[in-house]
Amino acid sequence: MLYIRECSKECTNILSEVIGDVMEHYHTCYVNSCMTLGICSGLIAYLNDDIAGVGVYYKVGTSPLRVGVIYYIAVRVGYRGLGIGKSLIASVEELMLLNDVDVYLATTRSGNKAVRKILSELGYSEIRLDLLGRLSEIVKKLTCGYDDDLLYVKFKDMPQELMTPHVLAFLADPHNLELINRLWRSICYDVWLSCR
C-alpha cells in the first residue's frame, strides 16, 4: 500500500539519501540547504513500509499570484513505473493549494521523458526556457533550474489551453524580482559556492 507523509527539517537525511541514490550527488547539497533553512518542505512516499520516493517543494510569496516550485521528485529505481512520482506531484499540488498557491512550476531536462509525461498528464503546460526571453533567467533563479531546459507550468484556476508564457510576466515586477533574487541567493547561489 502506498502512503505519503509530509515532513520538514526532521526528514532532511531521508530526502538527501534518496535524492543522492537517484540523482547526481551534488543535488543533496541543495536539498540539505533548502530544508535546513526551512524554505523547503518534503514528502516521503512509502510502499509497503519501504521508502520508495521523495519530493521537495517550496512556496514563494510573489504577487499578485503566489508561486509554488516542485524542486525535486525522486523515485528509487525498483519502484518506478508504479505511479509513485505522479502521486508525489499530486500530493505537492494539494499541499500548495492548501497554502493558497496559484501557480505551480517545475523544471526538467528535455531528455527526462518520464517526468515530462507525468507533468503533461497532470495538466502542466511545457515551455522551452530559451523561448521565455528575459523571463528565462528569472525562472531559472526562481526554480534553481540551471541544469534544465524545460519549464512546466500549471495554474490552479486556468485551463491548460489558455496558458502562454505571457501569463508569467508578473514575475518581472520589481517586488517579485527582489524576492526571487533573495531566494536564489539563499537556496541556489550560496549553495553552489559552498558545494563546488
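The set of residues from segment 129-173 being modelled with pLDDT under 95 and in contact with a Lys or Arg (Cβ under 6 Å, 6 or more places away or on another chain) comprises just one member, TYR146. Here VAL101 fulfils each of the conditions (1) crowded, with 18+ Cβ neighbours inside 10 Å; (2) assigned to a loop (DSSP other than H, G, I, E, B); (3) out of contact with any Gly (no Cβ under 7 Å at 6 or more places or on another chain) apart from (3). Within segment 76-91, take every residue that is of a type in the set (Val, Ile, Thr) and either under 13 Å from TYR3 (Cβ atoms) or surrounded by fewer than 14 Cβ atoms within 10 Å (Cβ to Cβ) (or both) and give me the one that is modelled with the lowest pLDDT. Top of the filtered list is VAL77. Checked against the criterion of being among the aliphatic types (A, V, I, L, M), in a strand (DSSP E or B) and either at pLDDT 95 or above or more than 25 Å from ASN181 (Cβ to Cβ) (or both), segment 106-116 contains one or more residues that satisfy it. Each residue in segment 21-32 was checked for being over 15 Å from the mean Cα position of the chain (by Cα) and either of a type in the set (D, E, K, R) or within 25 Å of LEU98 (Cα to Cα) (or both), and 2 pass.
Within segment 121-150, the set of residues being over 14 Å from the mean Cα position of the chain (by Cα), assigned to a helix (DSSP H, G or I) and either without any contact (Cβ under 8 Å) to a residue 24 or more places away in the chain or within 16 Å of ILE180 (Cα to Cα) (or both) comprises LEU129, ASP130, ARG134, LEU135, SER136, GLU137, ILE138. Can ALA45 be described as among the aliphatic types (A, V, I, L, M), surrounded by 20 or more Cβ atoms within 10 Å (Cβ to Cβ), farther than 22 Å from LYS141 by Cβ and touching a strand residue (DSSP E or B) at 6+ places or on another chain (Cβ under 6 Å)? Spelling it out, ALA45 is indeed among the aliphatic types (A, V, I, L, M), surrounded by 20 or more Cβ atoms within 10 Å (Cβ to Cβ), farther than 22 Å from LYS141 by Cβ and touching a strand residue (DSSP E or B) at 6+ places or on another chain (Cβ under 6 Å).
The values are calculated or read from the model by the stated rules, or taken from the named source; none is laboratory data. No experiment lies behind these values; they were computed from the predicted model shown. Using ideal geometry, Cβ is built from the backbone for each residue, glycine included, and neighbour counts are taken over all protein chains shown.
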